[in-house]
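K.L.:
Questions regarding the structure given below will be posed in turn.
The values are calculated or read from the model by the stated rules, or taken from the named source; none is laboratory data. Keep in mind that this is a model prediction, so the values were computed, not measured. Don't worry about glycine lacking a Cβ; one is built from the backbone with ideal geometry, like all the others, and counts go over all protein chains shown. Protein only, heavy atoms only, side chains kept; ligands, DNA and RNA dropped before computing areas. Shrake-Rupley method; radii C 1.70, N 1.55, O 1.52, S 1.80 Å.
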Amino acid sequence: MTTPSKCDVPNGGVDTADDFIETPKLVKVEAETRPDFEELKKIEKCRREILLRAELPFWRIIMFWSGTCLKEIATDSLVWVTIAIYVGIRIFANLIDYVPESVQMLSKTNIGILGGFLSFFLVLFVNQTNGRFLEMYGFSKACSGRIQDIAGLAKTQLPPEVGEKLVRHFNAAHIAGYVGLNAIGMGSPYSKTYFFDHYNEEAKLLTPAEMEELSRHDMDHSGLCMKELVTWCQQDVTDARVAGHIDTYQEKYFHDKILAFRAAMDGMYDYTDQPPHFFYIHFLVLLSALYLPLFAIDTAYAAGWGDEKSYGLDVLQGLIVFLQCVFVVGLRSLATNMIDPYGDDLEDLSVINYVEGTLEICSTIMNAKQE
């Protein structure tokens, strides 16, 4: 997926230098190219800004370019082909003074039936992908929530060194899980070198010896690092029970939270691995590619011939054709953009916000003091 080059936030109708994002610098990560951490942070900043636009008045919302359907519509060849067909027919209609026989023939067609079916399937597609998007958002927030649960339990029920070790491993599993998403689906922009290693160094999550132990797994192409780190967390809890820090009931409660985290992370992997059926998407694209040109032809022929020609009507009918393109291509683009929420689009989920928020909350919990 291509990252938009601009995050346009109105500032009196003028874009400032801070509103622009340069094309991401791509770095080599084992025969792959993914954005470095600086570019990921810029994308994340724009994502958070876009989320704040929802409650703006309509006249401000309509001025935006990034995070809207306008870019998709402007770059979709089907839109331009459809408009070109309409314009071509109307130019021909204004160059002649007679009414072609084909006008009478086309007046008997009813393309509205096809439009009705297409609208139904497009709305259904958007509803399905929106449901997937919200489910995956729920999984991400559930992962963060279970880590905070463990941090609270570790702070109050375990010795400081044991609790800190458990929380370190759990946060490392969280970050490694997002990196491992690159192994399935459409890939992930989050790499070990420029994502995991950054937070590992910043938060001191794993020791060099622990990193060496994990080196047998390819974090960039597998979720096994996340799985092993979750198992380390379970082992930390078992060791705490063996050492007499917690009883078997408390141990079970810890394990339940850890396994709930793993289940939520597995849910993210499952949805990413199984996008909507290509057969269904191809069906919608095919219907769109057939319907819009036919709609343009039908509308152009209905705009008037001979003495019934009118430039004002030509413009009005042309606007209707364009709006139909916005409807069809816009809905299709909206649905496809929600299929993979863990990519590098500005509309994707704010993974960095979830990771950094979780680290900050865990730090607050583990450092909490009561006089």
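K.L.:
As a quick test, which of the pairs Lys42/Lys204; Lys42/Lys141; Lys252/Lys369; Lys41/Lys155; Lys45/Lys369 have an alpha carbon distance above 29 angstrom in this structure?
P.N.:
With Cα atoms farther than 29 Å apart: Lys41/Lys155; Lys45/Lys369.
K.L.:
Separate question: Excluding ligands and nucleic acids, what accessible area in Å² is computed for Leu122 using a 1.4 Å probe, to the nearest 10?
P.N.:
The accessible area comes out at roughly 0 Å².
K.L.:
Another one. I'd like the per residue volume of the convex hull spanned by the Cα atoms of segment 108-159, given in cubic angstrom.
P.N.:
It is 34 Å³ per residue.
K.L.:
Can you give me the angle between helix 37-51 and the longest principal axis of the chain, using Cα atoms only, in degrees from 0 to 90, rounded to the nearest 10?
P.N.:
Approximately 60 degrees, to the nearest 10.
K.L.:
Using only the Cα atoms of segment 222-371, what are the Rg and Dmax in Å?
P.N.:
That works out to 28.2, 96 Å for Rg and Dmax.
K.L.:
Just to confirm the number: angle between the C-alpha axis of helix 278-301 and the first principal axis of the chain, 0 to 90 degrees, nearest 10?
P.N.:
Once rounded, one gets 30 degrees.
K.L.:
While we're looking at this one, here's another question. Would you please give the FRET efficiency between Leu313 and Ala260, computed as 1/(1 + (r/R0)^6) with r the Cβ-Cβ distance and R0 = 41 Å, to the nearest 0.05? If you can, show how the numbers build up before the last one.
P.N.:
Details: r = 62 Å, r/R0 = 1.52.
After rounding, the FRET efficiency stands at 0.10.
K.L.:
Let me ask something else. Determine the distance separating the Cα centre of segment 296-371 from the Cα centre of segment 255-285; give it in Å without decimals.
P.N.:
Answer, in whole Å: 22.
K.L.:
At q = 0.17 Å⁻¹, work out log10 I(q)/I(0) for segment 173-215 with the Debye formula, treating every Cα as an identical point scatterer and leaving solvent out; two decimals please.
P.N.:
For the requested q values the scattering log ratios are -0.46.
K.L.:
Here is a follow-up. log₁₀ I(q)/I(0) of the chain at q = 0.08, 0.10, 0.11 Å⁻¹, via Debye over equal Cα point scatterers, no solvent, to two decimals?
P.N.:
With no solvent term, the Cα-only Debye profile gives -0.55, -0.76, -0.86.
K.L.:
Let me know the charge dipole size of segment 89-241 about its Cα centre in debye, to the nearest 20, where only the beta-carbon of Lys, Arg (+1) and Asp, Glu (-1) is charged.
P.N.:
The dipole magnitude comes to about 560 debye.
K.L.:
Ok, one more. Relative contact order of segment 257-371: what whole-number percent is it, with Cα pairs under 8 angstrom and at least 6 residues apart? Don't jump to the answer; show the numbers that get you there.
P.N.:
On the way: 33 pairs, mean separation 22.3, N = 115.
It rounds to 19 percent for segment 257-371.
K.L.:
Another one. I'd like the chymotrypsin sites (Phe, Trp or Tyr not before Pro) in segment 196-304 restricted to DSSP loop residues with at most 15 other Cβ atoms within 10 Å, sorted by number.
P.N.:
Those that pass, being in a loop and sparsely packed, number zero.
K.L.:
When the scattering of segment 76-235 is computed by the Debye formula from its Cα atoms alone, each counted once and equally, what is log10 I(q)/I(0) at q = 0.13, 0.18 Å⁻¹?
P.N.:
-0.76, -1.15
K.L.:
Relative contact order (percent) for the chain, with alpha-carbon contacts under 8 angstrom and 6 or more residues of separation?
P.N.:
31 percent
K.L.:
Among Leu313, Leu214, Gln274, flag the residue with its Cα farthest along the positive direction of the charge dipole of the chain, charges on Cβ as +1 for Lys/Arg and -1 for Asp/Glu.
P.N.:
With unit charges placed on the Cβ atoms, the residue in question is Leu313.
K.L.:
Tell me the per residue accessible area of segment 24-134 using a 1.4 Å probe; a whole number in Å² is fine.
P.N.:
In whole numbers, segment 24-134 has 62 Å² accessible per residue.
K.L.:
So how many Å³ per residue does the convex hull of the Cα atoms of segment 328-371 work out to? Show your work: numbers first, answer last.
P.N.:
Numbers: hull volume 3.5 nm³, N = 44.
Considering the Cα atoms of segment 328-371, their hull volume per residue is 78 Å³.
K.L.:
So, one more: In segment 285-312, which residues have a backbone nitrogen under 12 Å from the label point lying 7 Å from Phe92's Cα in the Cα-to-Cβ direction?
P.N.:
Hits in segment 285-312 for Phe92 at 12 Å: 297-298, 300-301.
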